[in-house]
Amino acid sequence: MCTFALLAIFAAQASAKEITVRGILGRTVEAGGWVILTNKGAEKTKYLLLNPQRFRNESWFRVGAEVEASGEVKPDAITIYQEGVPFEARVIEPVGAQGGATSTGGRPTHVVVSGTALVQAAPDTAILLISVLTQHKNALEAQTENATRSTEVIRAVKTAAGPGAEVKTSGYSLTPQRVYKENQPATITGYEARNTVMVTMSDLGRVGAVIDAASQSGANNVDGVSFTLRKDRPARNEALSEATRDAISKAQILAQALGGRLGRVVEVQEGGTTPRPIYGFTRDAAGMVAQSTPIEAGTLDIRSQVQLTAEVDLAR
């Protein structure tokens, strides 16, 4: 819940007198802030609400609503913009058509529901992680061999992936290999160099060929294949719409069960729309065979959630 950003520094409590103000609700220049704008003859006074979060979920709490509030003026409160007289409301009630405050019994019941949706879409992008791993007793030899083999792998991968593919280094390491013996310092027996490249491509039909080309040119580890959706806006919008319809349907069912009818929607919050990528496998050179590697992209699951607050007008 968004609260008005203020730094309230209260001095020693002085005897305060409760007052009642009547006016129109309005927003402040600070996000989340609310004021009551009164009109006494030619004078207009703004009362800055220090505790608007207490009343925000009321159906009548909106810009332009006429209200009557009782509470205390807090002259020692310091806010960022000082927009109006600081006022802490004990009670706020809407003013009815006849000029009096409406009773709480006339307010509609609120229901809060969650709507969910799952939309499936075909991925349009594949991401591969391909590594070249070399080991030697000498660090320079491990590094030099790795550089030679990595150059060949990158060249072969770019050719197999086709135009438009992006090939870039995602990680490089040169680490000593140690042997540990009890009560003795570790002994370095060799060095391991690892160069990992990331391949991002939109031609999903070439994924298997890229894996084959990488292994044939010197790569000895495929760390994984994942499929995702770059142009996901249409699928996200569809999932969000379905989640909203699901929430409204649930609210209507609740209203009918309560013996009333669904009124206006008070608040809607998006819980998020998340595409779940499809992950592939991890293989080393020993697991690769001479035949072509088959890869099927499948479909992506895109989930969306919406929380909705609505009024229910109960039958009397």
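The values are calculated or read from the model by the stated rules, or taken from the named source; none is laboratory data. Just so we're clear, the structure is a prediction, and the values are computed from it rather than from any experiment. Here the Cβ is made from the backbone with ideal geometry for all residues, glycine too, and neighbour counts use every protein chain on show.
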Of all residues in the range 251-269 being crowded, with 18+ Cβ neighbours inside 10 Å and part of a helix (DSSP H, G or I), the one that is modelled with the lowest pLDDT:
Ala255
Looking at the range 201-231 only, could you name the residues that are surrounded by 18 or more Cβ atoms within 10 Å (Cβ to Cβ), on the phi < 0 side of the Ramachandran plot, in contact with a strand residue (DSSP E or B) (Cβ under 7 Å, 6 or more places away or on another chain) and assigned to a loop (DSSP other than H, G, I, E, B)?
Ala219, Asn220, Leu229
Yes or no: Glu238 in contact with a strand residue (DSSP E or B) (Cβ under 8 Å, 6 or more places away or on another chain), in the same structural domain as Val306 (by TED's automatic domain parsing) and touching a residue at least 12 places away in the same chain (Cβ under 8 Å)?
yes
Of the conditions (1) modelled with pLDDT under 85; (2) surrounded by 14 or more Cβ atoms within 10 Å (Cβ to Cβ), Ser292 clears all except one; give me its number.
(2)
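Would you confirm whether any residue within the range 54-63 is in a loop (DSSP other than H, G, I, E, B), of a type in the set (Gly, Ala, Ser) and exposed (fewer than 15 other Cβ atoms within 10 Å of the Cβ)?
no
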Is there any pair with a first residue in the range 66-87 that is more than 17 Å from Gln53 (Cα to Cα) and a second that is of a type in the set (Lys, Arg) whose Cβ atoms are under 6 Å apart and which are 6 or more apart or on different chains, and what are they?
Gly84/Lys46
Would you confirm, using the coordinates I've provided, whether Arg233 is under 30 Å from Thr116 (Cβ atoms), basic (Lys, Arg) and without any contact (Cβ under 8 Å) to a residue 12 or more places away in the chain?
yes
Restricted to the range 151-187, and to residues that are part of a strand (DSSP E or B) and among the β-branched types (Val, Ile, Thr), which residue is surrounded by the most Cβ atoms within 10 Å (Cβ to Cβ)?
Val167
